[in-house]
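Here the structure comes first, spelled out in structure tokens, and everything after it is commentary.
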Amino acid sequence: MKFIIGKNRATYSLTEPLEQLVSPDNVVRRIDLFVESLDLAPLGFKMDFSENGRPAYHPKVLLKLFIYGYLNSIRSSRVLEKECSRNIEAMWLIEGLKPDHNTISNFRRDNSKGIGRVFQETVKLAARFDLIGADLVAGDSTKLRAQNSKKNNFNEKKISRHLERINNKLAAYERDLAEADGDNKVQIEAKIKQQEVRKAGYEAMTAQLKDSGESQISTTDPESRLLITRNNITEVGYNVQTSVDAKHNLLIDFKVTNENDSNAMGGMLRRAKTILKNDAFTGIYDKGYHTGSQFEYAQKLGIKVLVSIPAVSSHAPDTAYDVANFSYDKEADHYICPAQEILSTNGRNYTKGNGKSNIQVKHYKTRACLSCAFFAKCTQNKAGRLIERSQYSEVIAENAVRMEINLALYLRRQAIVEHPYGIIKRQWGFYYIMTKKTIKRASADVGLMAVAFNLCRIFNILDPVVLGNYLKSIFSTFWALMTDFACFYRRYFVLCKVA
């Protein structure tokens, strides 16, 4: 049987130039053009380095390497270091340079703001080619695990359990110590000292929680938090808020947080308004964003939102008497119940909440409840039915009306906003944050994910020749300006020297 035979290792050599080993349509050429078209100094990257010591790598070299790595599911600085020596595409992209893993890792660690602005440049590039529709934006969040185990995450309750166990152990050791002698006594004293050190550590955590007002402490990645991911499953991680334009499912904004979704919508809409430079778009969100204060803020921004309505948390004994079946008269400021009785208010506002997100509510009730034939169906409150109307009830009701009218539009939300998560988490395997020690560093990691995703989409949508010519034109213009500036600077320096 005939087989395809390989070449002799002893005589075969790669004699072709590196340029010829990378095909004209290879994606690394577009990565190269994109990064070369950027002026990194205004974006926040450090460009001035000391002349003493070993020369530094240009930020564009490391940015190209990271974008290439993330597009190929590689985030580890040590793996990227290896790729620089064995991967022809990477070797072509950074012109045969071989930065070590510390240099690579430090670039990501130290350039969170610059990486965020590079992401903004991908959005501008998409807008330049009319890939941003700017009329429908879907918002959602995704949880990414932190470099911090559940074991190293503590709240007040967990700390109390540990302290209780330590105190029980100390009591047992004290009893054993009273009966011990010789070597046994020394061993028990060592164990007591060990437990006292642990106790002091937990007591310090308790003091830290009280001083900071936080509910949790993470010891490995201090700004990560224990979050519910799905179905009451918890992970220590970060919550990444994202806004996605509906036209081509491109990311237009992201923000790494350690909080839940309830108060995130307003900020997402404000940033989207700035990015899109208009307020004529519709924002669509799931029920986790259904918060009265956020509806009010969206109204102030002039942005229409569609937010899924959560299920009713509590029902009347007979659901026919749920609050939804009571009609509100805005002019008279009263409710009419299904039995046609009027529930009125004394006009007072009552504060309701946990201190962080207090809201003002009015109470509505009627004396007719106690003699009503439907009392048992309506309420279990012995004093009669009481309805609370919050200061945000009107904007919440307006959203309910919009949802009813635009349900088909809202149903597009999941297909739009889940597209980036499907690529980033499922296809590329980025389920966790690579960095640790602050949200700022986590933002650099997520920023590179977002840059890679947007460039992947842009590269797939646009004709490579058209995109390449555009990026080359920016690159040529940029270097022409830089050359003119350098010539002017040299002439100015010479004139000053002569003078």
- Query: Quick check: is even one residue across the range 352-363 in contact (Cβ under 8 Å) with a residue 60 or more places away in the chain, open to solvent by less than 90 Å² (accessible area, probe 1.4 Å) and within 37 Å of the chain's Cα centre (by Cα)?
  - Reply: yes
- Message: Of all residues being β-branched (Val, Ile, Thr) and in contact (Cβ under 8 Å) with a residue 24 or more places away in the chain in the range 393-412, which is least open to solvent (accessible area, probe 1.4 Å)? Just the residue, please.
- Response: Val395
- Check on Ala383, within 25 Å of Phe295 (Cβ to Cβ) and not charged (D, E, K, R): no
- Item | Matching residues, the range 364-392, being assigned to a strand (DSSP E or B), open to solvent by less than 30 Å² (accessible area, probe 1.4 Å) and free of Cβ contacts under 8 Å to residues at least 40 places away in the same chain | Tyr364
- Item | Long-range neighbours under 7 Å by Cβ, at least six apart or interchain, first residue outside any helix (DSSP H, G or I) within the range 418-440, second of a type in the set (Phe, Trp, Tyr) | Ile433/Tyr238
- Note on the structure: Taking the range 407-466 and keeping only residues that are farther than 20 Å from Glu121 by Cβ and β-branched (Val, Ile, Thr), one is left with Ile416, Val417, Ile433, Thr435, Thr438, Ile439, Val465
- Task: Keeping to the range 243-254, report how many residues are under 18 Å from Val305 (Cα atoms), open to solvent by 10 Å² or more (accessible area, probe 1.4 Å) and touching a Ser or Thr at 6+ places or on another chain (Cβ under 7 Å).
- Result: 1
- Which is hydroxyl-bearing (Ser, Thr, Tyr) and at pLDDT below 90, of Thr234, Thr242, Thr206? Thr234
- Glu203 fails exactly one of the following numbered conditions: (1) part of a helix (DSSP H, G or I); (2) in contact (Cβ under 8 Å) with a residue 40 or more places away in the chain; (3) open to solvent by less than 70 Å² (accessible area, probe 1.4 Å). What is the number of that condition? (3)
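The values are calculated or read from the model by the stated rules, or taken from the named source; none is laboratory data. In this text the structure is predicted, and so the values were computed from the model without any measurement. Cβ: placed from backbone, ideal geometry, glycine included. Neighbour counts: every protein chain shown. These accessible areas exclude ligands, DNA and RNA; they are computed on the full protein's heavy atoms, side chains included. Shrake-Rupley method; radii C 1.70, N 1.55, O 1.52, S 1.80 Å.
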